[in-house]
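One structure is given below, encoded as structure tokens.
The values are calculated or read from the model by the stated rules, or taken from the named source; none is laboratory data. Just so it is clear, the model here is predicted, and its values are computed rather than measured. Neighbour counts are summed over all protein chains in view; Cβ atoms, including those assigned to glycine, are modelled from backbone coordinates with ideal geometry. Ligands, DNA and RNA are excluded from the accessible area calculation, which covers all protein heavy atoms including side chains. Shrake-Rupley method; radii C 1.70, N 1.55, O 1.52, S 1.80 Å.
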Amino acid sequence: MRKFPLLLILAVFACALTSCLGDSDDDDTSKNYKEWRTANVNWLKAQKDLKNADGTAFYTPVVASFDKNAVVYMHWFNDTNLTKQNLKPFYTSTVDVKYIGRLYDNSVFDSSYYRTSPADSVLRIQLNSTVLGWGIGLTRMHIGDSCRILIPYQLGYGDNGYGDLKPYTTLQFDVKLVGIPGLYVKP
């Protein structure tokens, strides 16, 4: 009877050790997508180094308020002085956006321009139901802003990928924040 607790502890330890040693999926994914990951990481580094004609950085690093390591890179196409008084979404907001999603090689993987509902070319989505990088970027935009958001793979679909998107994919989105349904200023 005294041997039973000892055997039980050994069995639990053996199962834990086996599960740790048998978890080679991450290693396989890393090996299988090594070139893809390297290309995506190098492209993002090159984009972060881009400069405007006056020597200033083309992209602005945008750090999440909840994690200083969660950074996306944004470039505004519009004059933000014209939109700075407009509303901004919360991370829990539903937003209406127009967007094109591209890979590092500029091939399009998704676009709202194929949609017709709720309005022509508009996607209505709750920010906290998307990849983390979208939420970080869009909460810094005002209604009417148009931006390019570069999302490192860690804040996108990570090392798992999604659908046709491979693991370690850096995402770039050209996004226009059209509206925030249900959000209004109380009188």
Are any residues in the range 75-128 surrounded by 15 or more Cβ atoms within 10 Å (Cβ to Cβ) and touching a Cys at 6+ places or on another chain (Cβ under 9 Å), and if so, which ones?
HIS75, TRP76
Among the residues of the range 163-187, which ones are aromatic (Phe, Trp, Tyr) and modelled with pLDDT of 95 or more?
TYR168, PHE173
So which residues in the range 154-178 are farther than 19 Å from TYR113 by Cβ, open to solvent by 20 Å² or more (accessible area, probe 1.4 Å) and out of contact with any Leu (no Cβ under 7 Å at 6 or more places or on another chain), if there are any at all?
GLN154, ASP159, ASN160, TYR162, LYS166
GLY144 being in a helix (DSSP H, G or I) and among the small types (Gly, Ala, Ser)
no
